[in-house]
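Peer 1: Structure in structure tokens, see below.
The values are calculated or read from the model by the stated rules, or taken from the named source; none is laboratory data. Being a predicted model, the structure only gives us computed values, none of them experimental. Every residue, glycine as well, gets a Cβ built from its backbone with ideal geometry; the counts of neighbours run over all protein chains shown.
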Amino acid sequence: MESFKNKVFQATDFVRSRIGQHPHIGLLIGTGLGESVSNMKKAVSIDYREIPNFPISTVPTHRGALLFGNMKGKPVLAMQGRFHYYEGYSMREITLPVRVMRMLGVKTLIVLNASGGINPLLNTGDIMVIADHINLTGGNPLIGPNVDEWGPRFPDMTQVYDPKLMAIAEETALKKGIRVQKGVYVGLPGPSLETRAEIRFLKTIGADAVGLSTIPEVIAAAHGGMAVLGLSVITNMNLPDAPQPCQVDDIIAAAEGAAPRLQAIIEGVVEKLPDEVD
């Protein structure tokens, strides 16, 4: 664990030297959603390969860059591309950037992803506000010795997605005429997608959408005391009684099509956050 702590410290020191400020808002951007931060002002871009100990994104559309700039007059740190269990990274490696964000001062984390719809009331292209999650990844980034200065041994997860942030996102969407849904996200390890029997099981246990990311980072954020907002773009529908083959290109296209609406919601949320978080 000392080795991992040192890796976090080294990465933090490097990023701090490049941005020179203390952001209090972080963005973690998923598949096909890189353009959701296209309006950031005075952005400094740092390639992941430059940052000591940072993993490298290997998934298409995950650009592998850390952006720091202003959004609605507030300093924001954005990850264009995340890391996944199925890429061969450990849970600690996946969540290293969240630890770095927290050490830099980030207290509000907005997490974006692409997911498959399970609830038949959802439609391809919908934006779903994540109200809760089910962890079926088979792992947890908190396994092992606890770093007490990062968070408690047993962090509470009853309201891991902040109700106030959810309300702001829904209010923003309503004002801008953007249709949003709310639901439960279930995370699997991947990379194979779900069978029809698995979709029926996931629906039975209360999942509205399914994806292969997000949960490790959210657990680490909750451990560090961050307020979390999760937004998921429904890129395809998983209907076991009317199955359709799922193509990655179609998933990316659906995510990219939702990016402008997602950007409008993010900017509305950021605008309503206080200039500084206590």
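Table: residues versus (1) within 28 Å of LYS182 (Cβ to Cβ); (2) of a type in the set (A, V, I, L, M, F, W, C); (3) in contact with a Gly (Cβ under 7 Å, 6 or more places away or on another chain).
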{"site": "ALA43", "(1), (2), (3)": "no, yes, yes"}
{"site": "TYR48", "(1), (2), (3)": "no, no, yes"}
{"site": "ILE118", "(1), (2), (3)": "yes, yes, no"}
{"site": "LEU121", "(1), (2), (3)": "yes, yes, no"}
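Peer 1: A further question follows. Given (1) under 29 Å from LEU104 (Cβ atoms); (2) touching a strand residue (DSSP E or B) at 6+ places or on another chain (Cβ under 8 Å), identify the lone condition not met by LEU193.
Peer 2: Answer for LEU193: the failing condition is (1).
Peer 1: I want to confirm something. Restricting to region 1-45 and keeping residues that are among the small types (Gly, Ala, Ser), in a helix (DSSP H, G or I) and at pLDDT 80 or above, which single residue is surrounded by the most Cβ atoms within 10 Å (Cβ to Cβ)?
Peer 2: If we take residues in region 1-45 being among the small types (Gly, Ala, Ser), in a helix (DSSP H, G or I) and at pLDDT 80 or above, then ALA11 is surrounded by the most Cβ atoms within 10 Å (Cβ to Cβ).
Peer 1: Restricting attention to region 74-89, report how many residues are touching a residue at least 40 places away in the same chain (Cβ under 8 Å) and either in a loop (DSSP other than H, G, I, E, B) or under 15 Å from the mean Cα position of the chain (by Cα) (or both).
Peer 2: Selection size over region 74-89: 9.
Peer 1: Have a look at ARG82, ARG99 and point out the one that is basic (Lys, Arg), at pLDDT 95 or above and buried (at least 23 other Cβ atoms within 10 Å of the Cβ). Quick ask: steps written out before the conclusion?
Peer 2: Working: ARG82 fails: at pLDDT 95 or above.
After applying the criteria, what remains is ARG99.
Peer 1: If you don't mind, another one. One residue is enough: does region 225-235 have a residue meeting the conditions in contact with a Gly (Cβ under 9 Å, 6 or more places away or on another chain) and over 17 Å from ASN119 (Cα atoms)?
Peer 2: Pass one, region 225-235, residues in contact with a Gly (Cβ under 9 Å, 6 or more places away or on another chain): 225-226, 232-235.
Narrowing the set further to residues that are over 17 Å from ASN119 (Cα atoms) leaves 225-226.
Looking for residues that are in contact with a Gly (Cβ under 9 Å, 6 or more places away or on another chain) and over 17 Å from ASN119 (Cα atoms), one finds at least one in region 225-235, hence yes.
Peer 1: Counting just the residues of region 90-118 that are of a type in the set (A, V, I, L, M, F, W, C) and in a helix (DSSP H, G or I), which one comes out farthest from PHE14 (Cα to Cα)?
Peer 2: Applying the first criterion (of a type in the set (A, V, I, L, M, F, W, C)) to region 90-118 yields 91, 94, 96, 98, 100-101, 103-104, 106, 109-112, 114, 118.
Subset that is in a helix (DSSP H, G or I): 91, 94, 96, 98, 100-101, 103-104.
Numbers: MET91: 22, ILE94: 18, LEU96: 14, VAL98: 15, VAL100: 10, MET101: 12, MET103: 12, LEU104: 11 Å.
Selected residue: MET91.
Peer 1: With the condition kept exactly as written, say whether any residue in region 225-235 is over 20 Å from ILE127 (Cβ atoms) and more than 20 Å from the chain's Cα centre (by Cα).
Peer 2: Checked against the condition, which is being over 20 Å from ILE127 (Cβ atoms) and more than 20 Å from the chain's Cα centre (by Cα), region 225-235 yields no hits at all.
Peer 1: So which helices (runs of 4 or more DSSP H) are wholly in region 137-238 and hold at least 1 residues that are of a type in the set (A, V, I, L, M, F, W, C), free of Cβ contacts under 8 Å to residues at least 60 places away in the same chain and surrounded by fewer than 19 Cβ atoms within 10 Å (Cβ to Cβ)? Break it down stepwise before answering.
Peer 2: Details: elements: 163-175, 196-204, 215-223.
Where helices (runs of 4 or more DSSP H) fall fully within region 137-238 and carry at least 1 residues being of a type in the set (A, V, I, L, M, F, W, C), free of Cβ contacts under 8 Å to residues at least 60 places away in the same chain and surrounded by fewer than 19 Cβ atoms within 10 Å (Cβ to Cβ), they are 163-175, 196-204.
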